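What follows is a set of notes on a single structure, which appears directly below.
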Amino acid sequence: MQTHQLFLELKKYLTPYTEEFEIESKLFICHFLNWESNTFVSHLTEEIPEKLYKKIKSAVKTRVLENIPLAYIFKKWPFRKNIYATMPGVLIPRADTEHLVEKAIELIRQKNITTIYEIGYGSGIISIEIAKEFPNCTIIGWDISKDAFKLANTNLKKLILNKIDKLHPSLSNTIIPKFFQTDFFKICDDYPFNFSNTLFISNPPYIKTDTIKTLAPQVILWEPIEALDGGESGIEFYKKFLSWHSDKSNQGSNTKGYILFEIGYDQQKQMEKLSETYNLTLSITKDLQNHPRVCLFSN
Ligand SMILES: C[S@@+](CC[C@H](N)C(=O)[O-])C[C@H]1O[C@@H](n2cnc3c(N)ncnc32)[C@H](O)[C@@H]1O
């Protein structure tokens with residue numbers, strides 16, 4: 001069977017199950033044939049070996065029967081220019097989060113930020129992308145999840161530690177992100193934060209508890225609830241964090257700095273209220289759909 005025939009077969013099979021039937025068919029074939037997806041069209045008349053055909057069909061069947069996301073089948077997923085390892089139990093990198101990282105990079109450069117604290121690092125994408133751009137920054141992250149701790153360290157090894165000589169030959173003692181496994185709110189009162197030239201960054205759980213049940217089955221069944229559930233209002237994390245940050249400032253810490261959050265497309269109004277409550281300046285960046293997506297608080 002040739003590639004284009006298999007493509008049509010997969011497309012037909014996947015159509016009732018996903019709106020992404022076309023891209024998924026292509027990604028399945030490229031993954032198993034080890035082709036870059038942007039070269040797919042150049043392989044259309046190639047013969048697919050029988051063994052691989054069977055492997056692909058079986059993977060596609062599993063995808064449908066178990067509602068398993070592609071990123072967990074492939075055990076890897078792209079984010080910006082890098083490929084990250086993935087595993088069930090840890091949120092799959094989302095394209096929306098690229099906006100958060102771009103904004104962080106711009107801000108770190110403009111404001112000469114030297115310390116970055118990430119809350120909820122998941123697979124490590126945000127801290128690792130920032131570390132690649134700014135090898136001299138101190139980056140420290142916390143995540144409540146044991147699986148996230150394992151996966152973020154795997155990605156750190158794959159994308160930074162194993163490449164350190166190539167990436168930054170002059171920096172044998174490069175400061176690399178340090179990931180901790182803990183509930184941030186359990187340590188934040190005692191941790192010796194450096195508040196000068198600092199950025200706090202997070203893509204926290206921001207979906208209302210009541211909305212979770214309306215998400216696609218592949219999300220509900222496979223992605224971790226602690227990465228999604230933002231409580232009754234959807235913004236419980238943001239409220240808790242800003243309240244802690246403001247208390248620190250009231251207790252005399254000079255917390256002048258920046259706080260960068262990814263937000264849900266419908267949460268701008270809630271962020272505006274929070275900025276008034278805590279007397280912070282707010283700036284919002286929109287995503288490609290023109291939805292509010294990144295929220296910057298500064299004081
Ligand atoms: C939406 S996911 C984001 C993961 C990753 N940063 C990304 O953008 O793909 C939120 C992450 O926050 C973590 N998390 C939730 N509550 C937390 C808390 N109180 N302390 C530390 N991490 C927390 C979850 O385990 C999850 O990995």
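The values are calculated or read from the model by the stated rules, or taken from the named source; none is laboratory data. Only a predicted model underlies this, so the values are computations on that prediction, with no experimental measurement involved. Here the Cβ is made from the backbone with ideal geometry for all residues, glycine too, and neighbour counts use every protein chain on show.
Listed values, structure above:
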| read-out | value |
| --- | --- |
| Residue under evaluation Phe261, criteria (1) touching a helix residue (DSSP H, G or I) at 6+ places or on another chain (Cβ under 8 Å); (2) at pLDDT 95 or above; (3) farther than 19 Å from Gly120 by Cα; (4) not in a helix (DSSP H, G or I), criterion not met | (3) |
| Test: residue in segment 95-116 that is closer than 22 Å to Gly230 by Cα and more than 11 Å from the chain's Cα centre (by Cα) | no |
| Test: residue in segment 267-276 that is exposed (fewer than 13 other Cβ atoms within 10 Å of the Cβ) and on the phi > 0 side of the Ramachandran plot | no |
| Pro192, sole failed condition from (1) assigned to a loop (DSSP other than H, G, I, E, B); (2) within 10 Å of the ligand (Cβ to nearest atom) | (2) |
| Leu167 at pLDDT below 95 and of a type in the set (A, V, I, L, M) | yes |
| Number of the exception - Ile220 against (1) closer than 22 Å to Asp96 by Cβ; (2) away from the ligand (no atom under 16 Å from the Cβ); (3) surrounded by fewer than 17 Cβ atoms within 10 Å (Cβ to Cβ) | (2) |
| Selected residue (only one of Ile113, Ile119 is touching a residue at least 60 places away in the same chain (Cβ under 8 Å) and within 9 Å of the ligand (Cβ to nearest atom)) | Ile119 |
| Of residues in segment 231-258 being of a type in the set (Ser, Thr, Tyr) and either in a helix (DSSP H, G or I) or outside the structural domain of Gln289 (by TED's automatic domain parsing) (or both), the one surrounded by the most Cβ atoms within 10 Å (Cβ to Cβ) | Tyr238 |
| Residue match in segment 78-99 (condition: over 16 Å from Ser202 (Cα atoms) and of a type in the set (Asp, Glu)) | no |
| Verdict on Lys208 being more than 17 Å from the chain's Cα centre (by Cα), surrounded by 15 or more Cβ atoms within 10 Å (Cβ to Cβ) and farther than 25 Å from Ile116 by Cβ | yes |
| Search result, residues across segment 195-217 that are within 13 Å of the ligand (Cβ to nearest atom), in contact with a Gly (Cβ under 7 Å, 6 or more places away or on another chain) and in a loop (DSSP other than H, G, I, E, B) | Asn203, Pro204, Pro205, Tyr206 |
